[in-house]
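Working notes, structure below.
The values are calculated or read from the model by the stated rules, or taken from the named source; none is laboratory data. Only a predicted model underlies this, so the values are computations on that prediction, with no experimental measurement involved. So basically every Cβ, Gly included, is an ideal-geometry build from the backbone, and we count neighbours across all protein chains shown.
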Amino acid sequence: MRADMEEKSPTLENRIELRDTGDCIVPTKIEYRRRVLIAGAGWRSVGVDAILIGNIERVRSTFPSPIIVVLSSDVERIKLLHKEVQICKAHSLKMLLEFIRMNDLIIGGGTPLKTDQATFSCFVALLAKLLRKKVHFFAAGASPSKAWSPHVPPKRVNGLPGFLIKLVTNIADSMTVRDVFSKKVLEMTGTNRPLQIVPDPSLFVRPIEPKEARNILEKEGIFETHPMIAVSLKRSVNNEVDQKVKRVMSQVIDWLIENNVKVIFLPFCFERGSVEDDDSKFAEALQKLTKNKFIVLKRYCTPSEMKGIIALMDLLIGMRYHSMLFAWSVGIPFIGMIYDVKNEAFLKSIRQDGFYIDQLSFHSLRNAIGLEISKRAKQLCATCSNDL
């Protein structure tokens with residue numbers, strides 16, 4: 001991939017080093033800099049922000065001194081998070097101008113080749129190719145289903161989305177996918193190129209130091225006491241299943257608190273268009289069902305902050321895909337809840353079982369938590385013994 005992406009172009013912007021000879025100033029070195037456009041940054045989601053960080057790191061490790069431009073629908077927020085890159089507003093005239101100026105388009109992470117999302121991803125990729133630019137899909141997810149579902153088998157994507165996915169994935173300059181499921185979907189849809197599976201870009205995110213993470217919690221009135229269990233839940237597309245998740249989790253949370261466990265709800269997504277996609281709203285609905293009040297982290301955390309906070313926990317119960325990835329990357333045990341095939345694919349990749357949300361029960365979840373807490377206690381005891 002690196003060789004394909006580093007090919008020089010006469011349209012590249014450059015940095016010129018000058019030398020004063022006494023009689024005149026002459027250029028001694030021209031360093032070509034690729035202008036790279038990264039698509040797919042928008043709403044306040046820790047997972048989406050983590051993917052962007054990973055993509056930026058990927059670009060920097062591939063190109064020498066790249067000019068990075070991020071295509072986003074939330075320009076002001078992305079500017080605050082990434083002062084070192086340029087921001088271009090999606091669906092604007094400036095976006096079209098940027099497509100003319102750029103050398104490479106990166107579409108990375110997430111599920112850009114999901115049936116109901118593929119049209120935009122394929123449109124920008126085709127536009128880039130028509131303008132004779134390079135297109136790279138990095139750790140892309142694919143799904144034949146419009147809805148998030150844990151029970152979708154890999155199959156061909158039909159209709160216009162399927163045609164566009166087949167076309168774009170075959171003409172892209174480089175392509176990698178994030179899991180086996182996505183690889184199978186693309187192959188069944190007609191992608192005829194070799195597909196390499198690579199880790200999700202969010203794994204590039206570095207956690208903040210434990211002291212910084214404790215300071216964030218303390219400012220929220222949350223003080224470190226053990227055991228501490230983090231919970232990351234979200235709304236699915238099925239109201240009946242959502243009610244079941246709330247009912248079972250309210251029982252689990254009450255049981256944990258009654259056994260002197262501190263429970264902290266970690267929202268990963270805020271205010272994405274409607275209250276249904278706001279994790280804090282899900283937490284509010286859950287609070288109404290519990291007899292004992294659990295803690296909800298009120299502030300929006302950057303991916304580095306969230307990963308650092310999770311690193312302080314003894315266990316995470318995660319439904320959000322990136323909550324599981326974060327816990328796994330910092331070595332914190334977690335119980336995965338499967339609301340979509342991407343969760344199942346990740347759990348299979350690390351050989352860990354999970355709980356399908358439509359089959360969730362209090363007793364099975366309680367037993368799994370008890371087992372993980374016991375393992376964690378033994379691990380901590382062994383660590384303390386080695387330190388003595």
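With the requirement that a residue be surrounded by fewer than 16 Cβ atoms within 10 Å (Cβ to Cβ) and part of a strand (DSSP E or B), what does the stretch 346-384 give you?
Once the filter is applied, which keeps residues that are surrounded by fewer than 16 Cβ atoms within 10 Å (Cβ to Cβ) and part of a strand (DSSP E or B), the stretch 346-384 yields only Tyr356.
Kindly indicate the residue of the stretch 40-55 that is part of a strand (DSSP E or B) and out of contact with any helix residue (DSSP H, G or I) (no Cβ under 6 Å at 6 or more places or on another chain) and also surrounded by the fewest Cβ atoms within 10 Å (Cβ to Cβ) among those meeting that condition.
Arg44
Tell me, yes or no, whether the stretch 79-88 has at least one residue that is buried (at least 24 other Cβ atoms within 10 Å of the Cβ) and either in contact (Cβ under 8 Å) with a residue 12 or more places away in the chain or touching a His at 6+ places or on another chain (Cβ under 6 Å) (or both).
Going residue by residue through the stretch 79-88, those that are buried (at least 24 other Cβ atoms within 10 Å of the Cβ) are none.
No, the stretch 79-88 has no match at all.
Tell me, which residue of the stretch 240-260 that is among the polar types (S, T, N, Q) and buried (at least 16 other Cβ atoms within 10 Å of the Cβ) is nearest to the chain's Cα centre (by Cα)?
So the residue we want is Ser250.
Here is a list: Val241, Val245. Which entry is in contact with a Leu (Cβ under 9 Å, 6 or more places away or on another chain) and at pLDDT 95 or above?
Val245
Has the stretch 169-180 got at least one residue that is part of a helix (DSSP H, G or I), over 19 Å from Gly47 (Cα atoms) and under 24 Å from the mean Cα position of the chain (by Cα)?
Looking only at the stretch 169-180, we keep the residues that are part of a helix (DSSP H, G or I), and these are 169-171, 180.
Applying the additional criterion that residues be over 19 Å from Gly47 (Cα atoms) yields 169-171, 180.
If we keep only those that are under 24 Å from the mean Cα position of the chain (by Cα) too, we end up with 169, 180.
The answer is yes, given that some residue of the stretch 169-180 is part of a helix (DSSP H, G or I), over 19 Å from Gly47 (Cα atoms) and under 24 Å from the mean Cα position of the chain (by Cα).
Looking at the stretch 309-327, can you tell me whether even one residue there is within 16 Å of the chain's Cα centre (by Cα), of a type in the set (Ser, Thr, Tyr), part of a helix (DSSP H, G or I) and within 19 Å of Phe355 (Cβ to Cβ)?
Yes: one or more hits.
Tell me, which helices (runs of 4 or more DSSP H) wholly within the stretch 195-298 include 3 or more residues that are in contact (Cβ under 8 Å) with a residue 24 or more places away in the chain and touching a Lys or Arg at 6+ places or on another chain (Cβ under 7 Å)? If you could, list the steps in order and put the result at the bottom.
On the way: elements: 210-219, 239-258, 279-287.
It comes to 239-258, 279-287.
Condition check ((1) farther than 20 Å from Pro153 by Cβ; (2) buried (at least 24 other Cβ atoms within 10 Å of the Cβ)) across all residues:
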site: Asp314; (1), (2): yes, no
site: Ala327; (1), (2): yes, yes
site: Val341; (1), (2): no, yes
site: Glu344; (1), (2): no, no
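Of the conditions (1) in the same structural domain as Val135 (by TED's automatic domain parsing); (2) modelled with pLDDT under 95, Ser236 satisfies every one except a single condition; which number is it?
Failed condition: (1).
Taking the stretch 103-145 as the search range and keeping residues that are surrounded by fewer than 24 Cβ atoms within 10 Å (Cβ to Cβ) and among the basic types (Lys, Arg), which one is nearest to Ala50 (Cα to Cα)?
Lys134
What pairs can you find where one residue is in the stretch 147-163 and within 11 Å of Asp340 (Cα to Cα), the other is assigned to a loop (DSSP other than H, G, I, E, B) and of a type in the set (Asp, Glu), and their Cβ atoms are less than 8 Å apart, with a gap of 6+ or different chains?
Trp148/Asp340; Ser149/Asp340; Pro150/Asp340
Which members of the stretch 220-267 meet the condition of being in contact with a Ser or Thr (Cβ under 6 Å, 6 or more places away or on another chain) and farther than 15 Å from Leu289 by Cβ? Can you show your working first?
So in the stretch 220-267, the residues in contact with a Ser or Thr (Cβ under 6 Å, 6 or more places away or on another chain) come out as 232, 242, 250, 253-254, 262, 266-267.
The answer is Ser232, Lys262, Leu266, Pro267.
Looking only at the stretch 111-136, which residues are in contact with a helix residue (DSSP H, G or I) (Cβ under 7 Å, 6 or more places away or on another chain) and either assigned to a strand (DSSP E or B) or of a type in the set (Asp, Glu) (or both)?
Leu113, Lys134, Val135, His136
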